[in-house]
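The values are calculated or read from the model by the stated rules, or taken from the named source; none is laboratory data. The shown structure was predicted, so the numbers you read here are calculated from the model rather than taken from an experiment. Glycine gets a Cβ as well: all are built from the backbone with ideal geometry, and neighbour counts include every protein chain shown. To get the accessible areas, we keep the full protein, side chains included, count just its heavy atoms, and leave off ligands, DNA and RNA. Shrake-Rupley method; radii C 1.70, N 1.55, O 1.52, S 1.80 Å.
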Amino acid sequence: MSKEITARSQDYAQWYNDLVLKGGLADYSAVRGCMVIKPYGFALWENMRDELDRKFKETGHQNAYFPLFIPKSFLSKEADHVEGFAKECAVVTHYRLKNDPENGGVVVDPEAKLEEELIVRPTSETIIWNTYKDWIQSYRDLPILVNQWANVVRWEMRTRLFLRTAEFLWQEGHTAHATAEEAVAETVQMLDVYADFVQNFMAVPVIKGVKSPSERFAGAVDTYCIEALMQDGKALQAGTSHFLGQNFAKAFDVQFSNKENKLEYVWATSWGVSTRLVGALVMAHSDDDGLILPPRIAPLQVVIVPIYKGNDQKAGIDAKVEGIVKELKALGIRVKYDDNDNSRPGWKFAEYEMKGVPVRIAIGARDIENNVAEIARRDTKTKSSQSLDGIAQHIRQLLEEIQDGMFQKALDYRDSHITKADSWDEFEKLLDEKGGFISAHWDGTAETEAAIKERTKATIRCIPLNNPQEAGACILTGKPSKERVLFARAY
RNA sequence: CGGGAUGUAGCGUAGCCCGGUUAUCGCGCCUGGUUUGGGACCAGGAGGUCGCAAGUUCGAAUCUUGCCAUCCCGACCA
């Protein structure tokens, strides 16, 4: 029952945990900071993954796979990169265990120390660019458009289910280009792919933008991002796409001969989204009764619950439902007929609400007589009676309505939480009382950005793409500014 | 990693301060029956290394120390 879920108003963090755990998405594991993704949660991730994978391939990318381990020396070849990741790396130092005669069990065999330690990848730029050196000689070898689906490890101090785990699943695209223009175009293209996916499939509106220098990816020239807004008014970075310039090509000495037979360094991009998107999805849409999943990526789109007294009624319902299931499946709709006799309808209703199934159909003997079914929408919690004739088409349309409705609701919330602030007092007040994105002038310096973060915990989420140019004065220092940027407290 | 809190059956908990027979209760689970339009009811039953490890003691869920995990706040981050 919904009473098992902590209300958002009471404790937002606990509400989030309740949804993930009780909605059956994931569990804590025996390993610090690492979670078990349960079948329902993984099905959700698979749906996200499959759609993204399709989009990557549509835009000309191929999947490949690179090693989990990275030689320690690789990491330090790009100075900013190692600076950014060194503090959160898991390191393999030995390759063998041996029996421990004293205490039982096994111990690390000191004889089996690696010549060079291996880093468990926190991201794969280094191992991939070391490989690209072998793949690229001529401009004819370019571009290389490769993506990898993988797990990575970042030894985070504080973890949260899906939002920040020590090990997480993601995809990382790594492309190599002959020109800066082409690489930038790729970076922007993939940002668009992400934005399109998150908005149209996850129904989460995002703002596309560029990070300020201090929020940039370690080793990037420019970091583009999509920023989403959660229901508690905090922002969440949902995806990033980096223009890496020639930084990694220089670090790994990857040059190509151009048409004039001159050697040039290769231009690079990298881009990724992770299982964090699952967290974004949960926090963007759900309510105090449980998850609310958008139809396009919900593992289950429709559940049918029979209501009956005795086997005769059940048989009549079964016969009717069989046809409906067939029709729905023919339309590509993911449907389950839950005729499990061990739990009663009310229990099932609550359960599927908790799991966020977009549409529930309840059919009883009474309905069969009237040739109708009760249709309940998870997102609005409204119910209606619907004729069984043409019900599959109706459901298909309803799923689309739900998808659109969820996006519109999230968009309205987001848009009403982008607020301009023109004074420091106003800025602080908005952060504390309203939350969301605050559009304000900034003098462009890292010092001011850091000072604002220090005082308010708010960071510059992004400088929106196509940002209108507007003269103004920095919110903190009063120095001249040429455009507003978006601030928020963030996950 | 610093500060705070917590850890007793699958989940939620009582007991702990002040050590003492068989560790409390509810949900869930199993068996049988009755039920089924918003988390059913009756009867019977199973289920516990009291987070882990040392220590103190005749005796530890209870006292001491260490460790582990989770949550919250902070620093760090996708």
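Just the number, please: carbon plus sulfur as a percent of the accessible area of segment A:302-398, 1.4 Å probe, no ligands or DNA/RNA counted.
On the way: 2300 of 5030 Å².
Here it works out to 46 percent.
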Expressed as a whole-number percentage, the relative contact order of segment A:19-285 with C-alpha contacts under 8 angstrom and at least six residues apart is 19
Could you check the simple spin-label distance between A:Lys98 and A:Asp404, using points 7 Å along Cα→Cβ, in nm with one decimal?
-> 7.0
Set A:Lys211/A:Lys420; A:Lys211/A:Lys434; A:Lys208/A:Lys329; A:Lys57/A:Lys234; A:Lys55/A:Lys87 screened for pairs whose C-alpha atoms are more than 29 Å apart = A:Lys208/A:Lys329; A:Lys57/A:Lys234; A:Lys55/A:Lys87
Two-site FRET efficiency, A:Met157 against A:Gln137, from Cβ-Cβ distance with R₀ of 30 Å, rounded to 0.05 = 0.10
Quick tally, 1.4 Å probe accessible area for A:Glu78, A:Glu46, sorted with the most first, runs A:Glu46, A:Glu78
May I ask you to rank A:Lys348, A:Lys482, A:Lys259, A:Lys57 by accessible area, largest first, using a 1.4 Å probe over the protein chains only?
-> A:Lys259, A:Lys482, A:Lys57, A:Lys348
Among A:Ser214, A:Ile363, A:Leu399 the positive-end extreme of the charge dipole of chain A (Cβ point charges) = A:Ile363
For segment A:19-285, which semi-axes, largest first and in whole Å, follow from the square roots of 5 times the eigenvalues of its Cα gyration tensor?
-> 31, 28, 15
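Calculate, for chain A, the solvent-accessible area per residue in square angstrom, rolling a 1.4 angstrom probe over the heavy atoms of the protein chains.
On the way: 22460 Å² over 491 residues.
Solvent-accessible surface per residue comes out at 46 Å².
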Work through the residues other than A:Ala251 whose Cβ is under 14 Å from its Cβ and net out their charges, Lys, Arg +1 and Asp, Glu -1.
-> -2
Quick one: compute the contact order of segment A:418-488, relative version, from alpha carbon pairs under 8 angstrom and 6+ residues apart, as a percent.
-> 38
In chain A, taking the dipole from +1 charges on Lys and Arg beta carbons and -1 charges on Asp and Glu beta carbons about the Cα centre, the listed residue (A:Ala176, A:Trp155, A:Ile5) farthest towards the positive end is A:Ile5
If you rank A:Phe168, A:Phe437 by how much accessible surface each has, with a 1.4 Å probe, what is the order from largest down?
-> A:Phe168, A:Phe437
Just read off the accessible area of A:Asp404 with the full protein assembly in place, 1.4 Å probe, to the nearest 10 Å².
-> 90
Segment A:1-140, accessible surface, carbon-and-sulfur percent (1.4 angstrom probe) = 51
Taking Rh as the Kirkwood radius, which is the inverse of the mean 1/r over Cα pairs, what is the Rg/Rh value for chain A?
-> 1.03
Could you state the number of Å between the C-alpha centres of segment A:151-208 and segment A:364-385?
-> 40
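Which whole DSSP H helices in chain A pass both tests: a Cα extent of 20 Å or more along the axis and a mean Kyte-Doolittle value no lower than 0.0?
Numbers: long enough: A:39-58 (28 Å, -1.25); A:180-200 (30 Å, 0.12); A:310-330 (30 Å, -0.53); A:391-415 (35 Å, -0.64).
Those that pass (Cα extent of 20 Å or more, hydropathy at least 0.0) are A:180-200.
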Out of every Cα pair in segment A:347-491, what percent are spaced more than 26 Å from each other?
-> 49
Centre separation in Å (Cα based) which lies between segment A:111-128 and segment A:1-73 = 25
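Convex hull over the Cα atoms of segment A:302-398, averaged projected area in nm²? Could the numbers behind the result be given before it?
Numbers: hull surface 22.7 nm².
Averaged projected hull area, Cα only: 5.7 nm².
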Value of [θ]222 nm, deg cm²/dmol, for chain A, DSSP H segments ≥ 4, -39500 (n - 2.57) each, nearest 500 = -11000 deg cm²/dmol
Contact order relative to length for chain A, counting C-alpha pairs under 8 Å separated by 6 or more residues, stands in percent at 14
Sites A:Asn261 and A:Ala365 - FRET efficiency at Förster radius 60 Å, r taken between beta-carbons, to 0.05 | 0.15
Pairwise label distance in nanometres, A:Lys326 with A:Lys453, each label 7 Å out on the Cα-Cβ vector = 6.1
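Carbon and sulfur together cover what percent of the accessible area of segment A:418-488 at a 1.4 Å probe radius?
On the way: 1800 of 3560 Å².
Here it works out to 51 percent.
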For A:Lys381, list the lysines whose Cα falls under 18 Å from its own Cα; do not include residues on the same chain fewer than 8 positions away.
-> A:Lys3, A:Lys348, A:Lys355, A:Lys409
Hey, can you rank A:295-305, A:180-190 by average C-beta count inside 10 Å, highest first?
-> A:295-305, A:180-190
Ranked output for segments A:424-431, A:126-133 by mean other Cβ atoms within 10 Å, highest leading, reads A:126-133, A:424-431
